[in-house]
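Just below is one structure, and these are the notes that go with it.
The values are calculated or read from the model by the stated rules, or taken from the named source; none is laboratory data. This structure is a prediction, so every number in the text was calculated from the model and none was measured. Here the Cβ is made from the backbone with ideal geometry for all residues, glycine too, and neighbour counts use every protein chain on show. For accessibility, only protein heavy atoms count, side chains too; no ligands or nucleic acids. Shrake-Rupley method; radii C 1.70, N 1.55, O 1.52, S 1.80 Å.
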Number of protein chains: 4
Amino acid sequence: MSQKHDVVLIGAGRMGQIHGPNAARHPDLRLRYVVETDPALGAKLAAELGAEIATLSDALADPAVKGAIVASSTDMHLEHSVTCIKAGKAVFCEKPIDLDLAKARAAAKLFDGAPFVLGFNRRFDPHVNALKEKIASGVIGKLETLTLINHDPASPPPAFIPRSGGLFKDFTIHDLDLANSLLGEPPTEIFATASCLVDPEIARLGDVDTARVILRTASGKLCVISNTRRSGYGYDQRVEAYGSKGMAMSANERVDQVQVWGEAGASASPIRPNFLNRYAASYKREIDHFADVVTGRAKSQVGFAEGLAALAWAEACAESARTNAVVKL
Amino acid sequence: MSQKHDVVLIGAGRMGQIHGPNAARHPDLRLRYVVETDPALGAKLAAELGAEIATLSDALADPAVKGAIVASSTDMHLEHSVTCIKAGKAVFCEKPIDLDLAKARAAAKLFDGAPFVLGFNRRFDPHVNALKEKIASGVIGKLETLTLINHDPASPPPAFIPRSGGLFKDFTIHDLDLANSLLGEPPTEIFATASCLVDPEIARLGDVDTARVILRTASGKLCVISNTRRSGYGYDQRVEAYGSKGMAMSANERVDQVQVWGEAGASASPIRPNFLNRYAASYKREIDHFADVVTGRAKSQVGFAEGLAALAWAEACAESARTNAVVKL
Amino acid sequence: MSQKHDVVLIGAGRMGQIHGPNAARHPDLRLRYVVETDPALGAKLAAELGAEIATLSDALADPAVKGAIVASSTDMHLEHSVTCIKAGKAVFCEKPIDLDLAKARAAAKLFDGAPFVLGFNRRFDPHVNALKEKIASGVIGKLETLTLINHDPASPPPAFIPRSGGLFKDFTIHDLDLANSLLGEPPTEIFATASCLVDPEIARLGDVDTARVILRTASGKLCVISNTRRSGYGYDQRVEAYGSKGMAMSANERVDQVQVWGEAGASASPIRPNFLNRYAASYKREIDHFADVVTGRAKSQVGFAEGLAALAWAEACAESARTNAVVKL
Amino acid sequence: MSQKHDVVLIGAGRMGQIHGPNAARHPDLRLRYVVETDPALGAKLAAELGAEIATLSDALADPAVKGAIVASSTDMHLEHSVTCIKAGKAVFCEKPIDLDLAKARAAAKLFDGAPFVLGFNRRFDPHVNALKEKIASGVIGKLETLTLINHDPASPPPAFIPRSGGLFKDFTIHDLDLANSLLGEPPTEIFATASCLVDPEIARLGDVDTARVILRTASGKLCVISNTRRSGYGYDQRVEAYGSKGMAMSANERVDQVQVWGEAGASASPIRPNFLNRYAASYKREIDHFADVVTGRAKSQVGFAEGLAALAWAEACAESARTNAVVKL
C-alpha cells in the first residue's frame, strides 16, 4: 500500500464533521490533527477519527503534514487558506472562499498555480458528472440553454442569515459555479429577482428566500437558476441541459425505490431530504480529488479562480435584485 | 367520400353500447339497425345512434346490410355469428365465441375463410401494437419469455359469475390470446393454479378470483399470466417481453400526467380505472378493422381459429387448476 | 336529443381544419357554413364536414346561425370577431385576438359581456385542469412560484415569421395566459431575454427563437417561462407549480407506454411530437365550452379581457427583450 | 468507542473479498485472520485489510476471536460453520448452507439457538426493507400474492455450473428465502418449470438457465418467481407485493439519475449491472447485523432454519421441474 500523507482539519463543525471522516478513511491520507476553537467539539471529533488536537501553527509546523482541510467558519476561509498555502501545504477549502469580493481578489495572486481545491461539491457529484459526459458526447448537439433547480428543504435558523452572506453568496453560488462548469463560457449579463415568501424574519434580517436568476453568455446561451430556501418536498436538485438535438437532465435521487399503487394513485418514496444524504458521494469524491492533489497525482480541477468568479457573479445577482436591472459583467 | 356500408348491431347492452357508437361514427359504416330483446334498451340506443329497431331476420334480409356486430349475451355469440355468416354478412363478434368448446369446434368449418372478426380487443391496443413492433424490430433479440399482468379493479357482481364461464374463459382468455399473438408459437403445456382470496361468495358460486398460469411452448418459451378480479389500485394492464438482448414492456396509462411532490413522497395520478377508459382506443380500432373487412379492403386479422384456440387453452387452465397438474395440449 | 345549433366556420386553414371537425361532430352544433377566401380549400373542408360554402355576410344573415368560429388568418381575427358579435352571434376566436394592442384595446368595449370565447386551448387541457384542481385543493399549500416550459419541436417555415407577430405574441402568449390562469394575480413586472440560437434566418427576419421570461406579481410571486422554437425532442409542455407545502407538476404525455430496457439503459417512447396530437383533447374541449356558450348553458370562461391582457404582456416581453430592462406594468 | 471484537475470515475468493473489507471497516470488529487454501490469494487480501494469514485451527484457538465469516467454497460452508460453532464462535455463513439437504438436516441440531447468521443478503437490502415496512403498515391491505423478478445479467462461466448445485439451489434460493420472509407463511406446494434458452452448454452440463416457479401457501397465497441467467439489460431485481387494497413494489436502482430526451424517445441510464453494485449496501448491512450478534446486542434474524427451509424448497423446485408436476411439501 502507498504511504499515507498527513493532513490537518481546521474546523470541527458541520462541514468538518463531513470532511474529517472522509479524510480519515481515505487510503492515502492520515488525519493527523484537528484544529478547533471550541475545545470540546474538537476533542470529540479528534477522538472519533484517531487524530490529535493541535493549534494551527503547531500542525503546520509538522513537516509530515502535507495538506490542510479548511472547514472553519466562512469568515476564516480565506485567512486559513492563505496561511496554509504560505506554509507550503496543499489546501482543500470549503466554499465560499470569502464573502468579500475585494478581499478575495486581493489575495488571488498567492493562489496562482497553488495546490488549492475549492469545495464546490456538485462538480464531484456522480449524477452531474454523468450528465456532463452526456453533454460532451454530443448526444444533445450543441448546448444552448440550461436550467438549474436548487431548492432547499427548509430555511436555515434565522441566526444563520446575518453571517451567511445572503442567499446569493451562500446558496446560489453553487449554481453559479455549476453553470460555469457546464456552459463552457462565462455569463456576460445577469438578471436576478428575489422575494421573501417563506419566512418574514428572513426579510427583517435583510435577506430573501426565493430567487430566479437568468445568466446570459456572449454567444447568447441562457441559463435559469431557481432557488428557494424551503421546498416542502425535500432537497430538489435538478439540472436540465437543452441542446440543438435534444435535452439531458439529472433528476432527483429518491430515498428508496419503493412505490405504492392505490386507488388514489401511485406514490414513490421521497427525494433525498437534505444535502448531507444527497451529496454524500460528492463530499467523498472531492476529498478523493484532494488526496490526488496532496499526493501530486493530479492538479486541482476547481481552484481559487473558480471561487472568485462565482463570488463575483453572486455579488452581481445581489446587485441585480437590489436595482431590478441587468448587471453587465 | 366513400359510400357507407350498412351494418346491424345485435345487442344493446354493455358491449353494444361501446361498439354501436364506434360503428355509427365510422366514416365507412352506417349503423342501420339495432336488434335487442329488451325493447326499451334497444330503442334508447337506436335513437341515440340514428338507427332503427329491427328483428334479426328483417335486418339480415336487407341486402344493403353488409355486416353484423354481435354484442349479444355470451351464450348467443355463436348462434348469432352462424346466422349472420350464413346470411352472407361480415361479422364482428364480441369475445368469447362460446363457453362450450365442443359446440364451438363443431361450428368451426363454417367460419373457414369467412369474413369474421373476433373482438380480442387487446390486439388492437396502440400500446400492445407498439410493443409488438419493438419485438419485431429485433431490439430485444429473440423473444424467450413473456409476463402478462391483467388485474381487474373490482370483482363483478356475484350474479355475473355463474354465466361468466368462470375466471379462465371470461377473463384469462384475453391473456391467452395475447400470448398467442406475441409468442409466435402455441403453448404445448399449461399449468394454472387459482385461489379465492377476494370474495368468498365467488368460491361459493364455484369460481376463483386470483390465478397464476404458466404456458410452455415446444421450444421452451415460458409465459406467466397474472390475474385477479380486484386489484385495489385500478386496471393493471402490463406486458413484459423478455428476449435474448433485453426487455420490452407496455406499462400502464395514467388518467393524467399530474404529479404532486410532498414530504411523504411523489404521487402520480392513478392508472386507468377500468376497461372502458383503458381500452377505448382498442375498441375503436377493432371496429376500424371490421370496417376494412366489411368493405373488402382487408382480411380478418383475428378470427374463429384464434377464438377456438384461446377457448381450448382456457379450458386447459380450468382443468389444470382443478387437477393441480400440468395439462398437455 | 337537444336541437342542434347552426354555426359558421370562418377559415379552412390549419386551425379551421381542427375546429371544423370538432364543431361538426359536436352533439349540440351543426356546422352549417364554411367561409374561406381560397375556394378549393373551403370546398374540400365543407364537403368533408357536410357544410356549405358561403360568404360571411350570407352566413351571418341566416338567423339559424347562432355562432361563429373565427379561424381566419391572425390579421383578420379581430375584424371577423367584431363583425360576428355585431351580428349577434356567439364567437369562438382562435388566439391571438390581434397583433396590435392599441387596435385591440380600441375594440374592447364591444366585447364587454359578449358571448366570446378566446382559443387559449391550454386552459382546456385535461392535464392542466387536473393540475389546477390539485393547486386549488391546497395540497401544495399557497402557490408561490411557477415554471412553464413550452418548447416547440421544430421552428416554423421562415415565411411564417414576418406575419407571426414575433415569438412573444405568437408563442409565449400561451404561457402568459396560462400564468394568468394559474397565478391568481397579474404580473406587475416582466423581464425577458431572448436569443436566436436555432436558425440565423429567424434573426435576419428580426425575430428570436429562444427566450426566458420572468414575471413578478405584486405579492412577490415569480413565474419563469422557458421557450424555444426547436427542442429536438418533441413538444415539451410542462408546468411546475411550487407552493408552501410542496410542488405539483403536469408532465409530458408520451406517444405510448412502451419501454425498452437494454444494456445501454431504459428507453421510453417519445413525448407527443407536436401541438396537434398533444392538445387534441383541449381543442375538442374548447369547442365543447363554446357549444355551452352558444346554447346559453354557460358564460365564457376566457374572453376578450384575457386576450387583451396576454397581448399586453407579450408586448411587454418584446419591449423588455429589446431594452434589456424590466418593464413595469 | 467500544472495544473491537476479533473475527476470522475463511475464504478470500469472490465473497471473501466482499465480506472481508466490510468486517475490517466495521467500528466494532477487527479482522484478525484470513484463512485461505490459496496462499497468494489469502496473503493479498490479508495485507490489504491489515489481517494475518492463519490456519483455521490456529485462528479458532485464539480466544480473542469471537466470530468467523465463512466465505469458503459452497461445499465447505457446512463443515466450516460446524467447526466454528463448536469452537464457540459466532458465525456468519455465506449462502447456501450446503447443497445436500440430508447432510444439512443432519447438522441442524447443533445450530439450534446458536449465534449463526446466514447470508441471505436481500433481507438486508434497504429497498426490500422499505417494502416490508410498507406491507407491515397495512397500506396495501392483506398481502395476497407476490412476484419476485431475479434476472442475472449474464450467465456464469460453464465451469461454475457443475459445482453450483444448479439454478434452483444456487440462484432461486434467494427468491425462496425472500418469499419466506415476505409471505408470512411457508409454501405448501411448489410448481417449477425451466428451460435452457441462454446457452446450450448449460443444458449439456445438466442445468437450466430460465425458470418460472409458483409457490402456493396453505391459505391460498400465490408467489411467482421469475429467473434467468442472462437478461441482456442488467441485474433486474424487482419485488411486487399485491394486497387487498393495493400494490407495493421495489423497483430497480439505476446507475445514475441522468436521462436523455431525443426524437426517438427518452432514455434513462441502465439499472445496476450486477449483484456487487446492486447489493453493496445489503452486504454491508448483513455484516452490521453479524457485528450485533458477535457483540451480543442482537439475536440472528436469519439462521440455519431459514437456510434449511430455502434449500428444501430449492430441491422441491428441481424435483418439480424434473417431474413436471406439483411437489407438495
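Legend: calculated FRET efficiency, residue B:14 to residue C:55, from the Cβ-Cβ distance at R0 = 60 Å, rounded to 0.05, equals 0.80.
Distances between placed amide hydrogens fall under 5 Å for residue C:258 paired with B:251, C:269, all partners being 5 or more residues away or on another chain. The rule of thumb for compact globular proteins, 2.2 N^0.38 Å, goes into the C-alpha radius of gyration of the stretch C:55-135 1.24 times.
Residues of the stretch B:247-282 with an amide N closer than 18 Å to a point placed 7 Å from the Cα of residue B:136 along the Cα-to-Cβ direction: B:248-250, B:282. Of the peptides B:241-247, B:103-109, B:298-304, the order by per-residue mean of other Cβ atoms within 10 Å, starting with the highest, comes out as B:241-247, B:298-304, B:103-109.
Annotation: amide H of residue A:144 within the under-5 Å range of A:242, A:243, A:244, sequence separation 5 or more or interchain, hydrogens built in the peptide plane. Gyration tensor analysis over the Cα atoms of chain C returns equivalent ellipsoid semi-axes of 32, 23, 22 Å (largest first, whole Å). Find how many whole Å separate the alpha carbon centroid of the stretch D:98-129 from the alpha carbon centroid of the stretch C:245-292. Taking the Cα centre of each part, the stretch C:245-292 and the stretch D:98-129 sit 49 Å apart. Ordering C:161, D:53 by accessible surface, largest first, gives D:53, C:161; the 1.4 Å probe counts only protein heavy atoms, with every chain in place. Computed over the stretch C:194-323, the percent of Cα pairs more than 21 Å apart is 64.
Principal axis extents of the Cα atoms in the stretch A:37-78, from largest to smallest and rounded to whole angstrom, are 27, 23, 14. Say R0 is 35 Å: what FRET efficiency, to the nearest 0.05, do residue B:322 and residue B:185 get from their beta-carbon distance? Efficiency, rounded to the nearest 0.05: 0.85. Between C:285, C:204, C:163, the Gaussian network model of chain C with springs among Cα atoms under 10 angstrom shows the greatest mean-square fluctuation at C:204.
Rounded to the nearest 20 debye, the dipole magnitude of the protein assembly as shown is 0 debye, with +1 charges on Lys and Arg beta carbons, -1 on Asp and Glu beta carbons, and the Cα centre as origin. Here is the interface size for C with A: some 2800 Å² of accessible area buried, both sides summed, with a 1.4 Å probe. Across all Cα pairs in the stretch A:134-283, the calculated P(r) in 5 Å bins from zero up to the longest distance comes to 2, 9, 16, 18, 17, 15, 12, 7, 4, 1, 0 percent per bin.
The string of couplings for the stretch A:214-221 from the Karplus curve (6.51, -1.76, 1.60, θ = phi - 60°) is 10, 9, 10, 9, 4, 8, x, 5 Hz, one whole number per residue in order, with x for Gly and Pro. For the stretch C:204-243, state which residues have at least 30 Å² less accessible area in the presence of all protein chains than in their chain by itself, taking the probe as 1.4 Å and leaving out ligands, DNA and RNA. Those residues are C:212, C:214, C:216, C:222, C:224, C:230, C:232, C:233, C:238, C:242.
Label positions at residue C:40 and residue C:218, each projected 7 Å from the Cα along the C-beta direction, are separated by 5.6 nm. Inter-part distance, the stretch D:25-80 to the stretch A:294-316, computed on C-alpha centroids, equals 46 Å. Taking every residue in C:320-328 and counting other chain Cβ atoms within 10 Å of its Cβ, the average works out to 2. For a straight C-alpha distance cut-off of 19 angstrom, the aspartates and glutamates reachable from residue C:328 (same-chain residues fewer than eight places away being disregarded) are A:319, C:175, C:177, C:185, C:189, C:306, C:315, C:319. In whole Å, what is the distance between the alpha-carbon centres of the stretch D:152-231 and the stretch A:207-236? Spelled out, the Cα-based centre of one part sits 51 Å from the other.
Surface composition of the stretch B:220-281: carbon and sulfur atoms hold 53% of the protein heavy-atom accessible area at a 1.4 Å probe.
Stokes-Einstein diffusion for the stretch A:261-326 at 20 °C, viscosity 1.002 mPa s, with a Kirkwood radius from C-alpha pairs, works out to 132 µm²/s. Overall shape of the protein assembly as shown was characterised from the C-alpha gyration tensor. The equivalent ellipsoid obtained from it has semi-axes of 57, 50, 22 Å, in decreasing order.
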